[in-house]
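*Asks:* Would you mind keeping the following structure in view while I ask a few things?
FYI, it's all coordinate maths here, none of it is from the lab. These figures come from a predicted structure and were not determined experimentally. Here the Cβ is made from the backbone with ideal geometry for all residues, glycine too, and neighbour counts use every protein chain on show.
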Amino acid sequence: MTKFIAILAVLIALAGNAWAASQTVTLAVPDMTCSACPLTVKAALTKVDGVTKVEASLENKEAVVTFDDAKTSIAALTKATANAGYPSSVKH
C-alpha cells in the first residue's frame, strides 16, 4: 500500500506540469526607436520567470516572446516592457 501511495504522489506531481503550456505572443512595442531599444526590451523580457525565448525587432517594432503560461502571463510581459520604458500591447 505504501508503494502505491508513493507512486500516486509522483504521478500527481508530474500531472501538475501537464497543464503548463508553451505559448508565443507578439507584442507591439511602438516606442523602440534606436538600435539599443530591442536589446533593452529583450533583456527586460528575459528576466521574467517562465520566458524561454525573445526576439525583438526594431524594424517591426515588436517582440515575439515564448513563455510557459504556468509561470507567467501576458500581463507580466507587458508590465516588464513598461517598467523598462517601453510600453507594449498584444499585436493583433
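*Asks:* Taking the range 20-90, how many lysine pairs are there with alpha carbons less than 13 Å apart, if each pair must be eight or more places apart or span two chains?
*Replies:* Value for the range 20-90: 4.
*Asks:* Suppose the chain between LYS53 and THR33 were pulled fully straight at 0.36 nm per residue; how much longer would it get relative to their current alpha carbon spacing?
*Replies:* 5.0 nm is the gain from fully extending LYS53 to THR33.
*Asks:* OK, next. Return LEU77, LEU39 ranked ascending by Cβ neighbour count within 10 Å, so the fewest neighbours appear first.
*Replies:* LEU39, LEU77
*Asks:* Subtract the Cα-Cα distance of GLN23 and ASN83 from 0.36 nm times their separation in residues, and report this length gain in nm to one decimal.
*Replies:* 19.4 nm
*Asks:* When only DSSP loop residues count, what GluC sites (Glu not before Pro) in the range 25-64 have their Cβ near at most 13 other Cβ atoms within 10 Å?
*Replies:* GLU59
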